[in-house]
Amino acid sequence: MIEELEEKMLQKFEQIADRLSDKGYAIVDNFLEPQEVRNLLNVLTHHQEQGTFKKAGIGTADQFTVDREVRGDYIRWIEPSEALPPTQVFLDRMDEVMRYINRTCFLGLKDYEFHFTMYPPGTVYQRHIDQFKENDHRRLSFICYLNEDWLPEHGGNLRLYLPQEDGSEEEVDIHPIAGRLACFRADMIPHEVLVASRHRYSLTGWMLDQLNELTFL
Ligand code: OGA
Ligand code: MN
């Protein structure tokens, strides 16, 4: 049984690595089991009740600004040494993903950073890329959705703009359904979050080519 589970997870890691190197992005369903989603939602609710979510901004340090029109989400960074058990399970999984990608894709990933994310109804994140001009250590973006019973009419798609060889762009829309993982090259793929009619929850993060504590120096 355990071997079967591990085999399934390995197949998902393979999908991530193959599609990332092939297309620059990957979508994997059931990356999280329904029970894992539930446990992570409980942790998210706990952080909300503690009031530790903050309005997200744009840029780093002295470039940091908050503009609700551009970016409407609230975030709560994960401090790995203080992670609650469901969060630790998630981080361990991402650690395995990172090792797998390093064995197969040679991106030289060294660390990762993740936050819980909440978009209130009516908010968006306008088109952007995830690398900062003054800090280009984010190599891969990962978003794991936690939205149970999400229907297409709730909106809230992630829209990727894939650069084509002829200079045009192909749009890909991704529903933020529970358990689904979306990942893409942080340096190459513009994307946006479309408006939703429900609260939209996820874990969002990046794999970095240097250790996290050095990133913001
Ligand atoms: C981000 C982002 C996409 C999503 O947080 O930078 O683009 O689907 N998120 O939540
Ligand atoms: Mn982004």
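Considering the stretch 150-174, the residues that are closer than 19 Å to Gln15 by Cβ and near ligand 1 (Cβ under 10 Å from one of its atoms) include one that is surrounded by the fewest Cβ atoms within 10 Å (Cβ to Cβ), namely Ile174. For the condition more than 21 Å from Arg138 (Cα to Cα), of a type in the set (Lys, Arg) and away from ligand 1 (no atom under 16 Å from the Cβ), Arg38 qualifies. Residue count for the stretch 120-149 satisfying the condition of being surrounded by 19 or more Cβ atoms within 10 Å (Cβ to Cβ), under 21 Å from Tyr74 (Cβ atoms) and away from ligand 2 (no atom under 12 Å from the Cβ): 5. Counting only strands (runs of 3 or more DSSP E) wholly contained in the stretch 112-217, the ones carrying 1 or more residues that are without any contact (Cβ under 8 Å) to a residue 24 or more places away in the chain occupy 169-174. A single entry from Tyr74, Tyr100, Tyr25 fulfils the requirement of being farther than 19 Å from Leu208 by Cβ and either surrounded by 12 or more Cβ atoms within 10 Å (Cβ to Cβ) or of a type in the set (Phe, Trp, Tyr) (or both): Tyr74. So for the stretch 12-20 (the condition being more than 25 Å from Asp136 (Cβ to Cβ) and touching a Lys or Arg at 6+ places or on another chain (Cβ under 6 Å)), does at least one residue qualify? No, that holds for no residue.
Give me a count of the residues in the stretch 147-165 that are at pLDDT 95 or above and either touching a Gly at 6+ places or on another chain (Cβ under 8 Å) or not hydrophobic (A, V, I, L, M, F, W, C) (or both). So that I can check it myself, show each step before the final result.
Just the residues of the stretch 147-165 that are at pLDDT 95 or above, to begin with: 147-162.
Subsequent filtering for residues that are either touching a Gly at 6+ places or on another chain (Cβ under 8 Å) or not hydrophobic (A, V, I, L, M, F, W, C) (or both) retains 147-150, 152-157, 159, 161-162.
Total satisfying the criteria: 13.
The values are calculated or read from the model by the stated rules, or taken from the named source; none is laboratory data. Keep in mind the model is a prediction, meaning the values are calculated, not measured. Cβ sites come from the backbone with ideal geometry, for glycine too, and all protein chains shown count toward neighbours.
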